[in-house]
1. Using the charge dipole of the chain (Lys, Arg: +1 at Cβ; Asp, Glu: -1 at Cβ; taken about the Cα centre), state which of V69, L90, I218 has its Cα farthest towards the positive end.
2. Strictly under 4.7 angstrom between C-beta atoms: which cysteines of the chain have no such partner?
3. What net charge do the residues around S258 carry, taking every other residue with its C-beta under 11 Å from that of S258, with Lys and Arg at +1 and Asp and Glu at -1?
4. If you put +1 on each Lys and Arg Cβ and -1 on each Asp and Glu Cβ, how big is the dipole of the stretch 2-292 around its Cα centre, in Debye rounded to 20?
5. Which residue, L174, L49, L68, has the most motion in a Gaussian network model of the chain that connects Cα atoms within less than 10 Å?
6. Could you go through the stretch 126-132 in sequence order and give the Karplus-derived ³J(HN,Hα) for each residue, using 6.51 cos²θ - 1.76 cosθ + 1.60 with θ = phi - 60°, rounded to whole Hz, and x for Gly and Pro?
7. Excluding M186 itself, calculate the net charge of residues whose Cβ lies under 14 Å from the Cβ of M186, where each Lys or Arg counts +1 and each Asp or Glu counts -1.
8. Which is the longest part of the chain that has none of the trypsin sites (Lys or Arg not before Pro) sitting in a DSSP loop with at most 14 other Cβ atoms within 10 Å?
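Read-outs: derived from the displayed coordinates by stated rules, not from any lab. Predicted model, so just to flag it, every value in this text is computed and none were measured. Cβ atoms come from the backbone with ideal geometry, glycine included; neighbour counts cover every protein chain shown.
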Amino acid sequence: MSNLLAIQKELNIYIPFTLLISGSIGNILNCLIFTRSSLRNKPCSIYFLAMSIANLITLCFSCLTRILVNFGIYVTSGHGNIYCKFRIFLTYMPLSASSWFIVAACVDRYASSSASARMRSFSRPKVSQRIVCGIWVMLSLIWMEMFICFYGNLDGTVCALVSQFCNTYNSFSLLVFYSVLPPICMLLFGGMTIRNVQHRPINRVVNAKDRQLTLMFIVQVSIFQILSLPISIQRIYSYITINDSKTLQRKQLESLLSDVSNYAAFTDTVISFYLFTLTGSLFRKELKSLFFS
């Protein structure tokens, strides 16, 4: 058991710091690139920009807090309970929003590649902006339960669910609105987009940027499917075994695996910039222009 505790302690020291630094750099560069004049009016770029902002919020309130706790720094002055509620909300609501912005990008790519002019009309900046606002509002309402279901003590050393019902509801919400519905929608619209691209030859010069953005989102979707799987399995396992009698060693192992699955999900908020750099020649061109123009 001491080995498990040591491993968990090491993970909680090094991984949050690595994710916070690499993720902050990557997502800030994403924001700078997707707001450049050549990309900012592309509907897909609007979704990628919103995703990057959501990722930054998640990293700040998840990894930064863990880093501070590792150094024995807690929110004090009697505000621990308020900070607990906002920290949990601003960790998982943007995490879920990030996945839905990828879904929205999938729908946009499907619409833009459609043979139907009416369907293509949905791929417009104004539509994208409204959808982004709608996603923020919808998920804020869904995750508002965290202000009721979580409680922190005044010195900020404890932040936990208040009841078993809240634990079940919270796990169900994360499973449905992050781990299940977004991947299903991504696969559905991603597959239909690929079919549209294969069966509808379009002007390659005029639509070069759209094709690059489509490739970038396909890679992002594929990685999301992989990184969201561990937390899905962990939540399902936790729910199935909720009434089991568990030894101390089993509880410690489950705690370690829970941390690993959470870090896998948080990794998805980090890697978009690096994936875009590897897969998108247009993105690399804009990145070079950002620094050297």
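1. Farthest towards the positive pole: I218.
2. C31, C44, C60, C63, C106, C133, C185
3. Details: positive: R235, K251; negative: E254, D259.
So the surrounding residues net to 0.
4. Working: 25 positive and 10 negative charges, 269 e Å.
Dipole size: approximately 1300 debye.
5. Judging by the Gaussian network model, the answer is L68.
6. Each residue of the stretch 126-132 in turn: 4, 5, 4, 4, 5, 5, 4 Hz.
7. On the way: positive: R109; negative: D108, D268.
Taking every Cβ under 14 Å from that of M186, the sum is -1.
8. Numbers: sites that count: R36, R40, R204, K246.
Result, exposed sites excluded: 41-203.
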